[in-house]
Protein chains: 4
Amino acid sequence: MQTLLNNIAAEMARVTERGHVADYIPQLAHVSAARFGMAVALPDGQVFTAGDANEPFSIQSISKVFALTLALGKRGDALWQYVGREPSGDPFNSIVQLEHESGKPRNPFINAGAIAVVDAIMMGHEPKEVLAEMLNFVRYLANDASICFDHEVAASELEHKHRNASLAHFMKAFGRLKHDVDKVIGTYFHQCALAMSCVQLAQSGLFLVSDGVNQATDSRVVSAQRARRINSLMMMCGHYDGSGEFAYRVGLPGKSGVGGGILAIAPGKASIAVWSPGLDRIGNSLLGTRALEMLVQETGWSVFGH
Amino acid sequence: MQTLLNNIAAEMARVTERGHVADYIPQLAHVSAARFGMAVALPDGQVFTAGDANEPFSIQSISKVFALTLALGKRGDALWQYVGREPSGDPFNSIVQLEHESGKPRNPFINAGAIAVVDAIMMGHEPKEVLAEMLNFVRYLANDASICFDHEVAASELEHKHRNASLAHFMKAFGRLKHDVDKVIGTYFHQCALAMSCVQLAQSGLFLVSDGVNQATDSRVVSAQRARRINSLMMMCGHYDGSGEFAYRVGLPGKSGVGGGILAIAPGKASIAVWSPGLDRIGNSLLGTRALEMLVQETGWSVFGH
Amino acid sequence: MQTLLNNIAAEMARVTERGHVADYIPQLAHVSAARFGMAVALPDGQVFTAGDANEPFSIQSISKVFALTLALGKRGDALWQYVGREPSGDPFNSIVQLEHESGKPRNPFINAGAIAVVDAIMMGHEPKEVLAEMLNFVRYLANDASICFDHEVAASELEHKHRNASLAHFMKAFGRLKHDVDKVIGTYFHQCALAMSCVQLAQSGLFLVSDGVNQATDSRVVSAQRARRINSLMMMCGHYDGSGEFAYRVGLPGKSGVGGGILAIAPGKASIAVWSPGLDRIGNSLLGTRALEMLVQETGWSVFGH
Amino acid sequence: MQTLLNNIAAEMARVTERGHVADYIPQLAHVSAARFGMAVALPDGQVFTAGDANEPFSIQSISKVFALTLALGKRGDALWQYVGREPSGDPFNSIVQLEHESGKPRNPFINAGAIAVVDAIMMGHEPKEVLAEMLNFVRYLANDASICFDHEVAASELEHKHRNASLAHFMKAFGRLKHDVDKVIGTYFHQCALAMSCVQLAQSGLFLVSDGVNQATDSRVVSAQRARRINSLMMMCGHYDGSGEFAYRVGLPGKSGVGGGILAIAPGKASIAVWSPGLDRIGNSLLGTRALEMLVQETGWSVFGH
C-alpha cells in the first residue's frame, strides 16, 4: 500500500494540467495547485500516507457527510421530509429544481439540501451550540481533538453568501426552514469551514467502511443499515452532476469539497482521503479523482467488481 | 437461499397495494398485477427461483443493458460521443435536457440515450440484421437459444411511438443520429420487446457479477473494467429519477423495465431477476423493488456494506 | 362615460365568482372581495368614477411603472444593462430564468426586474431618501400631495420577504445589484406599499396617454418616445404570464398589482384605474380585467383597432 | 410616404452589418443579404413601394397569421383548446414548454403552436385539399390570384423536418394532434413555403388595419373583435422571444418569417411589409426591423402613442 501511494503521489507530481483552484474567496484562491496529499485508513487503524497528508485544508462540502450523519441521528427517517435522496442532474448551487419541486432539495449534498440538513440539526439551538456539537462529532469520528473550524474561511464565506442566502430564503419562503435564515447559513458556512488533514479525514470515514463501526476505536457510530445508506447517498450525489463520472471512473462512494478534498469509502476495505486544490469544470478535485482512479485500479476496490 | 426466496414470494403474495400496471399498450395492460417471479443465479451456475420465475415477460428497458454492452463492444469509448453517463434528474422520457444540452442524452438508460445507443450499434446495417445480432447476443449471455422477440408488443409500441419518435427526431435535428429515424426507433421498439423469464434474465446478467466473465459458461464477455463500468451506470441511472431511491433501499446496480422486471447485480455474489408488473409513480416495479430490498437485507449483498 | 361606468359597476356588483384575495399578508387578506372601484381620467383633466373610486388601496406592483419611469430618467438606456425587456413566460416571482440567464431579469415588471430597477434608482442613496423621491414623483404625477406609503403593509411585506430576498440575493451573487440586499428590498417593499385610490392612480397615468405630457397639469414628464416605450413594456409584461390574455381581451397597455388594482392606458384617449381585490390564478384582478374588457368593448379603445 | 420609403431604402442600402441569412435549407441560404424591399398599403388601396417590393420571397412564419385567421374561422374559440395565447419566453422551436405544460403550445406563432393550428384546420381533409384552401384564402386576402407555393422550398423543408417532426410527435403523444403527424407537418411546410412579394403581403394584411374589413376590396374578412385579437397575438408573440424588443422599438403588431420578411399592422393607418433576408440572433429580419422603426418614428404610427 505504501509503495502504491508513493507511486500515485509521484505520478500526480508530474501532472501539469492541475485544474483551476476555487477563487470565490481569497482563503481558497491562495492555496497552491501544486499541493497533493493522500491518506488511506484501514479498519484496523493503520494509516498510509503520501504527500501533504498531514496538512489541514478546508474540507468544505465533505462536511455534509458528517452533518447528514448527525441529522439522521437526531431526526431519523423524518429527515427525508426536509430533503430528498435523488441525484439532481443540476450544478451544486442550482435553484431551478427548488422552484419546480416546492422548495424541497433533491438530496443532502447539493448546497440547498445541506442547508436544509443544518436547519434539521438546529432544533431550536443557537449556531454556537450547534457548531460545538458538530465539532465534537467530527473530533469523535476522527478520534482527533485537534480538529478546528477555520474562522477566517467562515467569515469570508459569509461575505460571499449571496448564492447560498438565495437558496435559503427560497426554501424559507416555502416554509421548509424552521430557523432564522441568517443563523442557518451562518452555521452552514462554519460547518463548511472545518479544516482537516487527509489523515484526519480518512480516519473520520472509518465508520462507513465497517457497517457503522469504527473498528480502530471500537465504537459503533451508526447502525449497519444507516452506514450503507449514507454510502449510497455519497455514491449517487456526492459529486453533484459529476457523480456519474466519479462512479464510472472510481466506483466508490465519495464526497468532494471545493477546497479540493475527496473522501472515498471502500466498504470493508478502507477509508481514503485525497487533497489537491485544482478543480475540474464541475467543481471536483481533478487530481484527487485521478489518484483515486489509480488506487482503485491497483487495488480492485471498486464496489462494482469483486 | 431457496427458503429465503420462498419467504419473499410468500410475503409478496400478501401485499395488496401492488402498484399500477403500465397501460399505454394493451399487451402490457392485460398482464395481471398478481404475477410475481424471482430468480437468483449464482456464478457457479446454480439458479434458485420462486413464483412465476419461468414465465416470459416483456423486459422492455432492461434490454438497454444488453444494448449498451453491445454498443461498447462495437464503439468502445467513442460511444460516449453519442451519450453521456450522468443521472438526468428527469423522467425516463423527458426531452427538456436534450434541448438544454444540444441533443446529447445524459445516459444510455433514459429513452433518448437508449435510442442513441441503437443508432451507435446499427453502423449502416438494416434493422433486421441489427435485431438478429442483438437476439444472438442475449441468447449467448443467457445461454438459452429459446429467447425471442414478442413481435406483437413491438408492433403495439410502434403504434404508440410518438413520444420516442419525438426524442429521436430531436436528436436527429442536432445531427446526433446517423440512421433513418424510423429504422432506429423500429429497432429500438423490437429490442424493448424482448420476452424473457426471470431465470433467463438472471442468467444473462452473470457476466456482470464476475468482472466480465460468465463463470457458468466459462466465457469472458467483456473486460473486468467494462463490467464494472456497466454496473456503475446501472447503479447511477438504472431506475431513472428513482435511481437514488433504489440505491438507498437496495444498494445494488439494477435496471428496471416498464414491464415490471428488474435485473440487479450483486458483484461477486449473484445476478438477480425479479418480475412484478405493478409500477410505482416513477415507473419501476413496486414489489420487485421491495423483494430485492428483502433479499439484500437478509443476504447483506449491498455494495455499500461488507 | 358616466353612464357606462355606472353600468359596469352595476354589472360587477352582480358577479358572484370574484376571485381569491391575496392572503400572504394580513393587510391584504382582510380586504373584502366585494370592493370595486373604477376611475377614468381624460387628458383634459376630467375624471369619471364609479364605486369605491376614492378608497385608497395597496397599489403593489403597479408602482413598478412609476419606478421604471424614474429609473429611465436617472439612467436612460443604461438601465437595460440591469434588466431586459422581454416577456418572461414565467410567474411573477419565478427564479428559474435568472439561473439560465446569468441573473439578469427579463423585464422590469416581474419581481426580480423591479428589484433591479430599485437598485438602479438608489445610486448610493439611503432607502429613506430614495423613498422620499419616489413619493414626490408619484405625488407629482397624480398631482395629489396626499398620497402616502402604508407603512403597516411595508412592515408586513418585510416579514414575508423570503421569496423576494431570494431573488435579490441571487442577483447580488451575479454582481447585478450594487447596493446592500436588505436596503434594496426594504425600499422595494415600501414602494409596493404605496396606497392610492383609483382616482389618484388614473391621474398619475395621464402622462402615458398623451405622449409624455400630463395635459391636465400641462407638464411634460418624459419624452414622447419614452412614454410609448413604457406603454409597450406594460403591454408586453404588465400582467406577468397573463399578459397575452390581457392583450387579447382588453387590448391596452396595463399593469396589475396583487392588491387588485390595474392601471390601463388608452393612448390619446384616457388613463383608467380599476380596483377589485379578488385575483385570478395568475394573480391579476379578476373583475378588474372584466371591467376593462367591458369598457373597451363599448368605447373601442383597444390599440389593436381604430 | 413615397419620399419616406425612398429615404428608408436608401438608408438601408448603406448598412453594412446586414445580419445572417438563414442557411438550414439551400433555397434560403442562396438569397443575397443585399436584397431589401418594402411596401405600405393604405386602406384605400394605395400601395407605396421601395426596393425589391415586387420580388416574391419565402414568407415562412408570416403564413401563421393567415393560418390562424383560417383556423379561427373554422373553430372559433374552440381553437384555444389546441393552443394558448401567451408569449412563451422561449425560442421559436423550443420544446421545453411543451413538456412542462402537457403538450399544449403557448401560442399560435411558435412552431409547435402553428403545427397545432394546421391540425385544427385539417378537420379530416387531405393535405392537398387543405393547402388549396389556404392558397385560395391568401389569394383572396391579397386580392392577387398569382400567389403560389414554392414547392422546392417545401420539399427542402421536408428534408430538414426533424425539429418540427419532434414537436409534432411530442404533441401527438399527448393526444393534441388529431391527424397523422406526417400529413400535418407536410401541410405545415407547404404553408410556410408560400412565396409572396412585399406588395402582396402588405395587401393581404389590410383586413387587420380596418377592424376586419379589407376596404380596398370592400370585403369583410373577420369581425372587428377577431381582427383586434389577431393583432394582439401578433404584438405579443409575433417575434418569438424578440417580441418585447419589437414592441419596444417599433410598437406595432407584427409577424416575422425566417425568410427575412415582416408584416406589420398600423391599425387604422396601414399594412406594411418589409423584406431583408439577414436575420438577428433571434431569427427576425435585422434591417426589416430597423426599416419599420424608421417608418414609425417618422409617421408616429406606434399603437402606444397617439
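The values are calculated or read from the model by the stated rules, or taken from the named source; none is laboratory data. The structure displayed is predicted, hence computed values, not measured ones. A quick note on method: Cβ atoms are made from the backbone with ideal geometry, for glycine too, and the neighbour counts reach across all protein chains shown. With ligands, DNA and RNA removed, areas are computed over all heavy atoms of the protein, side chains included. Shrake-Rupley method; radii C 1.70, N 1.55, O 1.52, S 1.80 Å.
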*A:S204, sole failed condition from (1) open to solvent by 10 Å² or more (accessible area, probe 1.4 Å); (2) in contact with a strand residue (DSSP E or B) (Cβ under 9 Å, 6 or more places away or on another chain)*: (1)
*For the stretch A:224-273, how many residues are of a type in the set (S, T, Y), more than 12 Å from the chain's Cα centre (by Cα) and within 11 Å of chain B (Cβ to nearest Cβ)?*
3
*Within the stretch B:93-112, which residues are among the small types (G, A, S) and more than 12 Å from every other protein chain (Cβ to nearest Cβ)?*
B:S102
*Looking at B:I121, B:I110, which is the one that is within 24 Å of B:A78 (Cα to Cα) and either among the acidic types (D, E) or in contact with a Leu (Cβ under 6 Å, 6 or more places away or on another chain) (or both)?*
B:I121
*Would you check which residues across the stretch B:74-90 are open to solvent by less than 60 Å² (accessible area, probe 1.4 Å) and either of a type in the set (S, T, N, Q) or more than 10 Å from chain A (Cβ to nearest Cβ) (or both) and list them?*
B:G76, B:A78, B:L79, B:Y82, B:V83, B:S88
*Meets criteria (at pLDDT 95 or above and more than 14 Å from chain A (Cβ to nearest Cβ)) for B:I115*: yes
*Do we have any residue at all in the stretch A:292-300 that's part of a loop (DSSP other than H, G, I, E, B), surrounded by fewer than 24 Cβ atoms within 10 Å (Cβ to Cβ), at pLDDT 95 or above and within 12 Å of another protein chain (Cβ to nearest Cβ)?*
yes
*When you scan the stretch A:51-73, how many residues do you find that are more than 14 Å from chain B (Cβ to nearest Cβ) and under 17 Å from A:F189 (Cα atoms)?*
12
_Residue satisfying condition, being out of contact with any Leu (no Cβ under 8 Å at 6 or more places or on another chain) and either of a type outside the set (V, I, T) or closer than 24 Å to A:A22 by Cα (or both), within set A:G257, A:G278_ = A:G257
*asked:* Cβ-Cβ distance below 9 Å, separation of 6 or more or different chains: which pairs start in the stretch A:257-280 with a residue that is at positive phi and end on one that is modelled with pLDDT under 95 and surrounded by 24 or more Cβ atoms within 10 Å (Cβ to Cβ)?
replied: none
_So for the stretch D:210-225 (the condition being surrounded by fewer than 24 Cβ atoms within 10 Å (Cβ to Cβ), in a helix (DSSP H, G or I), among the hydrophobic types (A, V, I, L, M, F, W, C) and without any contact (Cβ under 8 Å) to a residue 40 or more places away in the chain), does at least one residue qualify?_
yes
_Tell me whether the stretch D:267-287 contains one or more residues that are in a helix (DSSP H, G or I) and at pLDDT 95 or above._
yes
*asked:* Return the residues of the stretch D:174-187 that are out of contact with any His (no Cβ under 7 Å at 6 or more places or on another chain) and part of a helix (DSSP H, G or I); say none if nothing qualifies.
replied: D:D182, D:K183, D:V184, D:I185, D:G186, D:T187
*Looking only at the stretch C:8-32, which residues are touching a strand residue (DSSP E or B) at 6+ places or on another chain (Cβ under 9 Å) and part of a helix (DSSP H, G or I)?*
C:I8, C:A9, C:A10, C:M12, C:A13, C:Q27, C:L28, C:A29
*Applying the selection to the stretch B:226-248, what residues are basic (K, R) and crowded, with 21+ Cβ neighbours inside 10 Å?*
B:R228, B:R229
_Matching residues in the stretch A:122-156 - criterion: being open to solvent by less than 40 Å² (accessible area, probe 1.4 Å) and under 17 Å from the mean Cα position of the chain (by Cα)_ = A:L131, A:M134, A:L135, A:F137, A:V138, A:L141, A:A142, A:I147, A:F149, A:V153, A:A154
*For residues that are small (G, A, S) and in a helix (DSSP H, G or I), scanning just the stretch C:33-73, find the one that is surrounded by the fewest Cβ atoms within 10 Å (Cβ to Cβ).*
C:G73
_Checking D:T49 against (1) among the β-branched types (V, I, T); (2) closer than 21 Å to D:C192 by Cβ; (3) outside the structural domain of D:N164 (by TED's automatic domain parsing): exactly one of these is not met. Which one?_
(2)
*asked:* more than 17 Å from the chain's Cα centre (by Cα), more than 30 Å from A:G175 (Cα to Cα) and at pLDDT 95 or above: which single residue out of A:G76, A:G51, A:G37 fits that description?
replied: A:G51
*Applying the selection to the stretch B:144-165, what residues are among the hydrophobic types (A, V, I, L, M, F, W, C) and within 13 Å of chain D (Cβ to nearest Cβ)?*
B:L158, B:A165
*If you scan the stretch C:249-291, which residues turn out to be open to solvent by 20 Å² or more (accessible area, probe 1.4 Å) and either outside the structural domain of C:A22 (by TED's automatic domain parsing) or of a type in the set (D, E, K, R) (or both)?*
C:R249, C:K269, C:D280, C:R281, C:R290
